[in-house]
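Participant: I'd like to ask some things about the structure below.
The values are calculated or read from the model by the stated rules, or taken from the named source; none is laboratory data. A quick note: this is a predicted structure, and the numbers were derived from the prediction, not measured. Cβ sites come from the backbone with ideal geometry, for glycine too, and all protein chains shown count toward neighbours.
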Amino acid sequence: MTLFALTKTQEAGGQIALAAILGVVGFFLLLPRPRGRFVPGGIAALIGSAAVFGAMVYSTFGNPASDVVGSVLFWLFSAGALIFGTVLVVQRNPARGAIAFAFVILSTCGLFLLLAAPFLMAATIIIYAGAIIVTFLFVLMLSHAEGPSDENDRSREPLSGGFAGFAFVGLVLFTLYQTSLAHLPNDGGKDKEQHTPHLPMAVLTPEERQTLANAVVKLDEAEKALDGDIGSHTARDERIVAFDKAFTLALNDLSDVVGGPYTFGPSPQAGTSPAQTAQIRDGSLHQRLFVKKPTTPQAKLYREDQQALEAIERAARIRGLSEGTFKKVEDNLQRDTPDVSAAKAEVRKLRDEVVILHGMGQLPARNVANLGFILYADHLLAVELAGTLLLVATIGAVAVAHRKGVTQ
Amino acid sequence: MNITLWHFLAVAAALFGIGLVGFLTRRNLITMFLCAEMMLQGVAINFVAFARYHGNLHGQVFVLFILAVAACEAGVALALFLSLYRRRRSLDTSDWQELRELGVPPTVDTEPLEVVKEEPLPTLTPAGARPQPTAEEVARV
Amino acid sequence: MSDPRTLAVIILALPLFAAILAWICGASPTTKKFAHVPLIVACGTAAVIAFVLLNKMLDGYAGQYVTENPLTWFSAGYLKVQYTIAVDSLSAIMLGMVTFIATMIAIFSGGYMHGDKGFFRYFAIMSLFVFSMCGLVLANNFLLLVAFWEGVGLCSYLLIGYYYDKPSAAAAARKAFLVTRLGDTGFLLGIFLLWKMGNWNTDLNLLFDYIAKHPPEPGTLTTACLLLFCGAVGKSAQFPLYVWLPDAMEGPTPVSALIHAATMVTAGVYLLARCSPLFVRAPEAQIIVAWIGGITALLAAFIALAQTDLKRILAYSTVSQLGFMFLALGTSGPISPAFAVTAAMFHLFTHAFFKALLFLSAGSVMHAMGGVIDVRQFGGLRKLMPITHFTFLCGAAALAGFPLLSGFWSKDMIFESLTEASESQSKYTAGYFTLFLMAALTAFLTAFYTFRAYFLTFWGPERIPAEAGHHAHESPGTMTLPLIVLAIGAVFVGGVMEPFTHWFSDFLQTTPAMTQAVIASQAQSVEHHFNWALIGTSTVLALAGIGIAFALYRNGGAEKAPPGLDKVFALSRNKLYVDEIYYAALVKPAEVLAFLLRVFDGFLDGLARLIAAIPRFIGDLVRPIQNGLVQFYALSMVLGLAVFLTFVVFRITR
């Protein structure tokens, strides 16, 4: 799409504007009018708009997911939502529009599923596609208009309405583009492979997460090393040595991420240039902990939100724990009456902390249970209010629809 | 895996925009309402995407509330539509213009609707008296 | 009860109540007929009380009674105006004269206005007038004086325009009011200047005391006196503001008698007499006063020579006699004010009697002739109306200055003051002598035109106009009784009061204003003596005038002029075209100016309306936005939001 030598902002802005204009034209041609509408032209314009839109999203943000299935599903569901949304808007017959709406809901729920919200998917389908649309269809039955009628065959200001809506959307997309820092120039050849715009940094880079997972495995092995014969002192010493070996490996991994007294353990793989090392560590927890001043624009968007602070806190706690764990285990095993389970418990404590840190920035596994927990722990007042609102709405609906003075 | 937030936000924005266009243009009350619900869906996608990105469930909680509110809204709105239909026998938003300024003429449609000539369905001559609908039956909606 | 101030307040209050009662009487047709009773009773009682007051003043304390603990009208900063009245010999004399004449005229009006449909209105306003005049006489505070001044002006306007459906009467009333208003402006300015000079003392006695202690510079004092004199010029119908008095004859005749002969027009003379301590210190103002008086006297006498309306003749005669009074007042510096002011006041006193008498007789004639007062249309009425004829003769003789009648003595005093002034230390002696000659000529003319009127009315062949109908007989008792009383007064009151007994001057000189003026003027007092040269001169003048009038008009013929003086008489009959000159020089430009201002005002109106139309226009442009369609409103909201977002996005993401 680089026809002219424009800046990236102007390019993206142009693409968005083009998509918006094509969208306006398409909707204008498709919205119901008394003297008929030009359907093929409208559909063509909308397809063009969608194509431009999709191209812009792809060229700016790249693939939505790193795996093929995820991407395909995403594009499918998105296309479905947008297409059926368009059908709802331009359809003359409101009953058909309601069916289109049902399909919009289904697509949206597909997107929900991709975003790890299965409960919401189910709830939305039940409530929307189930309750709301059925109620609509009942009302539609009662108030159906035969033949051509004002409400179905006319549109109120199609051009201004389309323009207003697409202007709004275009501005939102442009803002997205700007805040994604996609307009910033690439620096050298570093990001050649990455199309990803520079999101505000995640709490942990994927490499760090992998490192932490490895550390968990190694801690498990260290724990297992404590099993065995602890009868005699020599046996205990052996245990301690084995534990030490396994524990040190774990600590090396840990120190890569959270730092600690073992910061300068075995260096990362040879062969990686310092630049790559720096790159790996950019925006990572390591960077946050040790590099005080961000130097690259990427790291400029330091997230100072709750999550990052929590992560730093946890890292500090892990550091503290890991410092004392070996000492405690050693002391324990060298006592006259060694308590293996206590030693194991210490190791497990450290391991649990590492697991929690590993899972930061990711959704919890059991969606429904956690959803319920958060609802009643953090948003109890809102739940009560929502319930009251539902009650009042029920009464209100009955009162509004009540007919005065006519006995049924 | 790097979460690509932007795609979902873009789709949500587009959905919201389509819903906005439909709300502003269509005259059928029911279609308008469905477009409003579509706008809410766009917002819901936004929330869930952010929840995924932040790694906590607060966004999904808000979507639950959106759901509850949408349900209330649907109930009350449909009751209102029924009342309005009873008054004017049509679901056209442009029928209700009385709250305009004094001296401003009402907005009327200039283009005529095409009358679709439908052939009447074939009927048989009724045998016997056709029952007359009572007033109650006619008025009941 | 015996306090003169209390008596004075009672005298003030009686006509006011009479006015209210007369107005109430007009409520029902049965009581309407008795509307004249409250006035007669009130004025009669007031006259009696005034007489008692005079007695009191004569017996007891010679000086001035001023209200103690007066009510404050208003006070703002250092200006404080209180309701104060002062009773001294000057005001006592005026009160007595006003109430007595008012009683006579009230009795006369009861008969004259009989059957008129606005009967109660007439008496209500006349009572109000008597109240205002008494208040004017008694007021000790300048602002109170001005209030009563305006009060008499208002009543004069209402009574001149009594026959309001006659356009000429309405116009005459307006003219009177506006012309006197011109004088009143100067009057007010003079008062403010005096206040400033007098350290903001608003009461007359305090003001005069202050000025006596701290004499101001002569230029300022002269200006103030001249401004005060402006008011007198307006109210007392002097040149150039006399033009309203002849037109004021449109009102009923008793009104002319009371207001425009005896009382209201003398207010100016009274004012100058009151303020004599001031005038005495301003010789330049005095000579101007004298000149204006002299010019007026001669001019009015000249115009009266050839008039054909009996009341007009008497009106111009009033103007002329008032000029005489101002002549006397104008000599008050060079000669002792005791003499000069006494001369003016004495003439005022006697003039009130005989002029009121003349007017009432004319009213009696008019009543008998069915409303006709043009001397060309009737004649030889002495057989028809003997009492009227006799009283008119008495009044005419007194006016002409027939020896030994009251007018003779008072005019004589004026001549004497003029001659004394022309022999005094003043630098204007030549002027005073010229004025004396003018006064002598005027006396001659006075005698001539008065008896012209008399002969034309009562001598010659008897002619009765057609409008008379069954009215052509002597007037009833209610009308002739006052005539007789006033005739007695006109004949005798002059000789009794002054020349032999000096009661009048002795009494008048007890006024503190007089004493102050005497001290200030430092002129020699004039002793009482008989100046035989003057007596002889005035006798000759009077008899000569009467004789020539007899020779010319014995047999009627109002259009006749003495041989060779046809052009002069024509000029006199046309009032020297003064009214026409005023119209061309003053009224017409004012009309043009008013027209231009109306155009300008219309332009401003248009401008204001244009400015008012702008919001309406903008509203009409903007109002259709609210067309009642919900979707349109939503569209506007979204567009607005889009604009706002554009602004935000392109600013922040720069």
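Participant: Return the only residue of C:Phe507, C:Phe451, C:Phe458 being touching a residue at least 60 places away in the same chain (Cβ under 8 Å), within 29 Å of the chain's Cα centre (by Cα) and more than 30 Å from C:Pro215 (Cβ to Cβ).
Facilitator: Values: C:Phe507 fails: more than 30 Å from C:Pro215 (Cβ to Cβ); C:Phe458 fails: within 29 Å of the chain's Cα centre (by Cα).
Going through C:Phe507, C:Phe451, C:Phe458 in turn, just one is touching a residue at least 60 places away in the same chain (Cβ under 8 Å), within 29 Å of the chain's Cα centre (by Cα) and more than 30 Å from C:Pro215 (Cβ to Cβ): C:Phe451.
Participant: Of all residues in segment A:321-348, which are of a type in the set (S, T, N, Q) and under 39 Å from the mean Cα position of the chain (by Cα)? Don't jump to the end; show me each part of the working.
Facilitator: Keep residues of segment A:321-348 that are of a type in the set (S, T, N, Q), which gives A:322, A:325, A:332, A:334, A:337, A:341.
Correct list: A:Ser322, A:Thr325.
Participant: Given the criteria surrounded by 15 or more Cβ atoms within 10 Å (Cβ to Cβ), touching a residue at least 24 places away in the same chain (Cβ under 8 Å) and among the hydrophobic types (A, V, I, L, M, F, W, C), does C:Ile546 qualify?
Facilitator: Values: surrounded by 15 or more Cβ atoms within 10 Å (Cβ to Cβ): yes; touching a residue at least 24 places away in the same chain (Cβ under 8 Å): yes; among the hydrophobic types (A, V, I, L, M, F, W, C): yes.
Taking the combined requirement at face value, the residue satisfies it.
Participant: On to the next question. Can you name every residue in segment A:27-52 that is touching a residue at least 60 places away in the same chain (Cβ under 8 Å) and in contact with a Leu (Cβ under 6 Å, 6 or more places away or on another chain)? Give the derivation first.
Facilitator: At the first step, the residues of segment A:27-52 found to be touching a residue at least 60 places away in the same chain (Cβ under 8 Å) are A:27-28, A:30-34.
Within segment A:27-52, A:Phe28, A:Pro34 meet the criteria.
Participant: If a residue has to be touching a residue at least 60 places away in the same chain (Cβ under 8 Å) and either surrounded by fewer than 19 Cβ atoms within 10 Å (Cβ to Cβ) or farther than 15 Å from A:Thr248 by Cα (or both) to count, how many in segment A:327-353 make the cut?
Facilitator: Within segment A:327-353, the subset touching a residue at least 60 places away in the same chain (Cβ under 8 Å) is A:329-330, A:333-334, A:338, A:340, A:343-344, A:347-348, A:350-351.
When the remaining residues are screened for being either surrounded by fewer than 19 Cβ atoms within 10 Å (Cβ to Cβ) or farther than 15 Å from A:Thr248 by Cα (or both), the result is A:330, A:333-334, A:338, A:340, A:343-344, A:348.
Qualifying residue count for the region: 8.
Participant: What's the number of the only condition in (1) crowded, with 24+ Cβ neighbours inside 10 Å; (2) out of contact with any Leu (no Cβ under 6 Å at 6 or more places or on another chain); (3) of a type outside the set (Phe, Trp, Tyr) that C:Ser424 fails to meet?
Facilitator: Status for C:Ser424: all satisfied but (1).
Participant: Just one of (1) at pLDDT 85 or above; (2) within 9 Å of chain B (Cβ to nearest Cβ); (3) assigned to a helix (DSSP H, G or I) trips up A:Leu106, so point out which.
Facilitator: Among (1) at pLDDT 85 or above; (2) within 9 Å of chain B (Cβ to nearest Cβ); (3) assigned to a helix (DSSP H, G or I), A:Leu106 violates only (2).
Participant: Same structure, new question: Mind listing whichever residues of segment B:70-88 are at the interface with chain A (Cβ under 7 Å from one of its Cβ atoms) and over 13 Å from the mean Cα position of the chain (by Cα)?
Facilitator: The answer is B:Ala71, B:Cys72, B:Ser83, B:Tyr85.
Participant: In the list B:Ile66, B:Ile30, B:Ile18, which residue meets the criterion of being in a helix (DSSP H, G or I), aliphatic (A, V, I, L, M) and in contact with a Pro (Cβ under 8 Å, 6 or more places away or on another chain)?
Facilitator: Working: B:Ile66 fails: in contact with a Pro (Cβ under 8 Å, 6 or more places away or on another chain); B:Ile18 fails: in contact with a Pro (Cβ under 8 Å, 6 or more places away or on another chain).
Testing whether each residue is in a helix (DSSP H, G or I), aliphatic (A, V, I, L, M) and in contact with a Pro (Cβ under 8 Å, 6 or more places away or on another chain) leaves just B:Ile30.
Participant: Please go through segment C:485-502 and pick out each residue that is closer than 28 Å to C:Phe390 by Cβ, surrounded by fewer than 23 Cβ atoms within 10 Å (Cβ to Cβ) and not aliphatic (A, V, I, L, M).
Facilitator: Of everything in segment C:485-502, those that are closer than 28 Å to C:Phe390 by Cβ, surrounded by fewer than 23 Cβ atoms within 10 Å (Cβ to Cβ) and not aliphatic (A, V, I, L, M) turn out to be C:Phe492, C:Gly495, C:Pro499, C:Phe500, C:Thr501.
Participant: Between residues in segment C:2-13 that are under 12 Å from C:Gln64 (Cα atoms) and residues that are assigned to a helix (DSSP H, G or I) and at pLDDT 85 or above, which pairs lie under 9 Å by C-beta distance while being six or more apart or on different chains?
Facilitator: Partner pairs satisfying both residue conditions: C:Pro4/C:Leu53; C:Pro4/C:Ala92.
Participant: Can you go through B:Leu121, B:Leu113 and tell me which one is farther than 23 Å from A:Ala401 by Cβ, surrounded by 12 or more Cβ atoms within 10 Å (Cβ to Cβ) and away from chain C (no Cβ under 14 Å)? Step through it out loud before you land on a result.
Facilitator: Working: B:Leu121 fails: surrounded by 12 or more Cβ atoms within 10 Å (Cβ to Cβ).
So the residue among B:Leu121, B:Leu113 that is farther than 23 Å from A:Ala401 by Cβ, surrounded by 12 or more Cβ atoms within 10 Å (Cβ to Cβ) and away from chain C (no Cβ under 14 Å) is B:Leu113.
Participant: Please verify whether segment A:8-15 includes one or more residues that are under 19 Å from A:Arg154 (Cβ atoms) and at pLDDT below 90. Walk me through it before giving the result.
Facilitator: Looking only at segment A:8-15, we keep the residues that are under 19 Å from A:Arg154 (Cβ atoms), and these are none.
No.
Participant: Now for a separate question. Filter segment A:360-404 for residues that are facing chain B (nearest Cβ under 8 Å) and not in a helix (DSSP H, G or I) and give the result.
Facilitator: A:Met360, A:Gly361, A:Gln362, A:Leu363, A:Pro364, A:His379, A:Arg403
Participant: Specify which of the listed residues (A:Ala123, A:Ala182, A:Ala145, A:Ala116) is modelled with pLDDT of 75 or more, at the interface with chain B (Cβ under 9 Å from one of its Cβ atoms) and assigned to a loop (DSSP other than H, G, I, E, B). So that I can check it myself, show each step before the final result.
Facilitator: Details: A:Ala123 fails: assigned to a loop (DSSP other than H, G, I, E, B); A:Ala182 fails: modelled with pLDDT of 75 or more; A:Ala145 fails: modelled with pLDDT of 75 or more.
Criteria check complete, one pass: A:Ala116.
Participant: While we're here: Identify, from the list B:Val116, B:Val138, the residue that is in a loop (DSSP other than H, G, I, E, B), more than 30 Å from C:Asp620 (Cβ to Cβ), at pLDDT below 75 and of a type outside the set (Asp, Glu).
Facilitator: On the way: B:Val138 fails: in a loop (DSSP other than H, G, I, E, B).
Of the residues listed, the single one that is in a loop (DSSP other than H, G, I, E, B), more than 30 Å from C:Asp620 (Cβ to Cβ), at pLDDT below 75 and of a type outside the set (Asp, Glu) is B:Val116.
Participant: Mind checking which residues of segment A:153-166 are in contact (Cβ under 8 Å) with a residue 12 or more places away in the chain and surrounded by fewer than 22 Cβ atoms within 10 Å (Cβ to Cβ)?
Facilitator: A:Leu159
Participant: Mind checking which residues of segment B:52-69 are over 13 Å from A:Asp378 (Cβ atoms), facing another protein chain (nearest Cβ under 7 Å) and touching a Phe, Trp or Tyr at 6+ places or on another chain (Cβ under 9 Å)?
Facilitator: B:Arg52, B:Val63, B:Leu67
Participant: Turning to a different aspect of this structure: Check whether at least one residue in segment C:323-342 is assigned to a helix (DSSP H, G or I), in contact with a Leu (Cβ under 8 Å, 6 or more places away or on another chain) and closer than 27 Å to C:Ala561 by Cα, and report yes or no.
Facilitator: Scanning segment C:323-342, I find at least one residue that is assigned to a helix (DSSP H, G or I), in contact with a Leu (Cβ under 8 Å, 6 or more places away or on another chain) and closer than 27 Å to C:Ala561 by Cα, so the answer is yes.
Each row is one residue, and each column tells you yes or no for (1) of a type in the set (Lys, Arg); (2) at pLDDT 85 or above; (3) in a loop (DSSP other than H, G, I, E, B); (4) over 30 Å from C:Glu559 (Cα atoms).
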site	(1), (2), (3), (4)
C:Leu404	no, yes, yes, yes
C:Ile414	no, yes, no, yes
C:Thr419	no, yes, no, yes
C:Phe448	no, yes, no, no
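Participant: Another one. If A:Val139 satisfies every condition in (1) assigned to a helix (DSSP H, G or I); (2) at pLDDT below 80; (3) within 14 Å of chain B (Cβ to nearest Cβ) but one, which is the exception?
Facilitator: All conditions pass for A:Val139, except number (2).
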